[in-house]
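Here the structure is laid out as structure tokens; the discussion comes afterwards.
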Amino acid sequence: MQVHLYSTAECSLCQKAQVLLEKLQKEFLFDLKYTTLTEDHPRFADWHIAVPVVVINDKRELKSVIDEAELRKVIREERPPTKLYYFGKFLEALGFLTVAVGLMAGMQGDMYTDLYFFIGGIAVFGAGRMIEKREMRRD
């Protein structure tokens, strides 16, 4: 994913946006480029009043005051989930299914099978949930 920050020379909002982007770069792992707008830049007329301008994947633009929550939301939308994220979701579903099988065994009076399936299902669900949450932080 490519994130580009356009700014002007003595802009305090641009400096705050740069600090925010550098913080989020460690979390979301994207390529970050900086450009200082000058009068010879093709978008200078459009953006020189609206700086800082953050362009994500050459599609999404955020201008002026950059809100961290909004920026996080846009970055997550632009970055598709990984295969590991879907594996975590699969493990969660498998955990639910395992618990359901354990409950069915418990209804038939097989207490130990019920207990094993129940504990195993919770463990599988928990592992899947941890993987999903970790991948969501990277998204």
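Each reported figure results from applying straightforward, stated rules to the coordinates on display, with no laboratory input. On a predicted model such as this, the values are computed, not experimentally measured, just so you know. Virtual Cβ from ideal backbone geometry, glycine too; neighbours counted across all protein chains shown.
Annotations for the structure displayed:
- Interchain or long-range residues, amide H under 5 Å from L37's placed H: S7, T8
- Value of D in µm² per second that Stokes-Einstein yields for the stretch 80-139, Kirkwood Rh from Cα pairs, at 4 °C (1.567 mPa s): 110 µm²/s
- Ranked by the mean number of other Cβ atoms within 10 Å per residue, highest first, peptides 72-84, 28-40 order as 72-84, 28-40.
- With contacts taken as Cα pairs under 8 Å and at least 6 residues apart, the chain reaches a relative contact order of 24 percent.
- Alpha-carbon Debye profile of the stretch 2-78, log10 I(q)/I(0) at 0.15, 0.20, 0.26 Å⁻¹: -0.45, -0.80, -1.34
- CD proxy at 222 nm, helix term only [per DSSP H run n ≥ 4: -39500 (n - 2.57); per residue of the chain; nearest 500]: -20500 deg cm²/dmol
- Measuring spread by the Cα atoms of the chain yields a radius of gyration and Dmax of 23.3, 80 Å.
- Across A105, A17, A50, mean-square fluctuation computed from a Gaussian network of the chain (C-alpha pairs under 10 Å connected) peaks at A105.
- Cα-based Lys proximity count in the chain, under 23 Å, for pairs eight or more positions apart or on separate chains: 25
- Positive-end ranking of Q25, V65, A50 along the dipole of the stretch 2-78, with charges on Cβ about the Cα centre, is headed by Q25.
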